[in-house]
Amino acid sequence: MPEPLATLFSLEFLKAFVAVGRRMSITLAAEDLCLTQSAVSRQIQSLEDQVGVKLFVRKQRGVGFTAEGERLFRTADQAILQLQEIAAEVRRGDAPHAVTVTASIGVAGLWLLPRLGRLQQLYPRLDVRLSASNHLNDLRADGVDLAIRYCKDTAAPPRAIRLFEETIMPVAHPSILAVAQRAEDVVSSHPLLEFEDSRPWLQWRRWLGDAAWKKARRGVIRFNQYDQVIQAALAGQGLALGRLELIQPLIESRQLALLQLPTSPVTSPNSYWLVQAHEQPREEVLRVAQWIQAEAHGVRRPARDPGSAGAVARERDEALEHGPARR
């Protein structure tokens, strides 16, 4: 007949017994349990008192089982092992392992973040962590599953997947373009919103050329993050060099308009790439990677007509009525 639960020996004592039995050493068992040797010895003594028999015999080095101790250990060891395994499963279920995605601050804010709602609709139980940083991560060391990189083809990591290329063209709030007859007038009469970046295709001076730069330079407002440049453009504070693939929804919704200049658009030598930390990622990581690729497949260069100076002129009344977007 089984022992009643009320009189069954303590699980803490049984853990100490199994730990000593696995190691045949009280010292090593104490290390495994993060206890002192004396504490483990007291727990073994308490278990022996409850059972009513000796379970171990002292040896010159370590301990050995008595016959009763060996019989108890064979069952207790399996029971404790099963508890360890089920505890690990339960804890993994209670705290799912998040899929961590990293991207630059601009890409995270302008491209990833506005799309995350669709990912949550597709996978409501998915746990995703977005890490926005302009520093290159060591993906495995930093616990990152997926990264969006911005680089040339020759610098793309092995097995990286190209998401989309990049096109640069001046943009502004439609109300700015609506009152101008020529694109050149807009450039000469409004501040230039400058992203502090060393890449020439993202700089107004290199983009316009020295002569046009001197003529156009009404004023410059500089930002150290690209998403700040776009927020300033949305607020009607000046002209920005738009990375069209990143801000495509803002142009299609006519929150920003394209400014047609003789030299536009410019194709960047860089592209956006998806990088996986592991060759065989977890199932949830694969789902997020596939979703990012599907979203990237829908990225296209915005048409030159929508939002151009001519098209905006036809929307003059609406643009002037609503004014700059306040965000």
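Throughout, read-outs are computed from the coordinates displayed, never taken from laboratory work. As the structure is a computational prediction, the values presented were derived from the model and not from experiment. For neighbour counting, all protein chains shown are included, and Cβ atoms are generated from backbone atoms with ideal geometry for every residue, glycine included.
When only alpha carbons of segment 146-186 are considered, Rg and Dmax amount to 17.8, 49 Å.
What trypsin sites (Lys or Arg not before Pro) does segment 26-61 have in DSSP loop regions with at most 11 other beta carbons within 10 Å? Intermediate results must be reported in sequence, preceding the final value.
Working: sites: R42, K54, R58, K59, R61; in loops: K54, K59, R61.
Here the sparse-neighbourhood loop sites are K59, R61.
With a Förster radius of 22 Å applied to the C-beta separation of R159 and Q290, the computed FRET efficiency comes to 0.90. Across segment 103-203, the volume of the C-alpha convex hull divided among the residues equals 161 Å³ per residue. Between the amide H of T102 and those of S131, L146, A147, I148, distances stay under 5 Å, these residues lying 5 or more places away or on another chain, with hydrogens modeled in the peptide plane. Using 0.36 nm per residue and subtracting the Cα-Cα separation, the extra length available between R222 and Q120 on full extension is 33.2 nm.
Please state, as a whole number in µm²/s, the translational diffusion coefficient that the Stokes-Einstein equation yields for segment 41-85 at 25 °C and 0.890 mPa s, with Rh defined as the Kirkwood radius across alpha carbon pairs. If you can, show how the numbers build up before the last one.
Numbers: Rh = 11.4 Å.
Here the translational diffusion coefficient equals 215 µm²/s.
Put the Cα centre of segment 107-179 next to the Cα centre of segment 1-75 and the gap is 56 Å. For S268, the residues 5 or more places off, or on other chains, whose built amide H falls under 5 Å of its own are E166, T167, I168. Would you compute the Debye intensity of segment 21-70 from its alpha-carbon atoms alone, equal scatterers and no solvent, and pass along log10 I(q)/I(0) at q = 0.22, 0.31 Å⁻¹ to two decimals? One equal scatterer on each Cα of segment 21-70 leads to -0.80, -1.27. For the pair R71 and R254, the difference between a 0.36 nm per residue extended length and the Cα-Cα distance amounts to 58.0 nm.
For segment 5-94, the fraction of C-alpha pairs farther apart than 19 angstrom is 39 percent. Points 7 angstrom from Cα along the Cβ direction at T267 and A141: gap in nanometres? Label-label distance for T267 and A141, simple model: 3.6 nm.
In order along segment 279-296, the phi-based Karplus estimate (6.51 cos²θ - 1.76 cosθ + 1.60, θ = phi - 60°) of 3J(HN,Hα) comes to 5, 10, x, 5, 4, 5, 5, 4, 4, 5, 4, 5, 5, 4, 5, 5, 5, 5 Hz; Gly and Pro are listed as x. Measuring r between the beta carbons of R22 and E196 and using R0 = 45 Å, the FRET efficiency lands at 0.15. Highest mean first, the peptides 112-121, 145-154 sorted by other C-beta atoms within 10 Å per residue fall in the order 145-154, 112-121. Report the calculated FRET efficiency for R206 and E279 (r = Cβ-Cβ distance, R0 = 30 Å), to the nearest 0.05. With R0 = 30 Å, the Cβ-Cβ based efficiency is 0.15.
Projected label points at L8 and E184, each 7 Å from Cα along the beta carbon direction, are separated by 9.0 nanometres. Label-to-label distance, D49 versus L113, with points set 7 angstrom from Cα along the beta-carbon direction: 6.2 nm.
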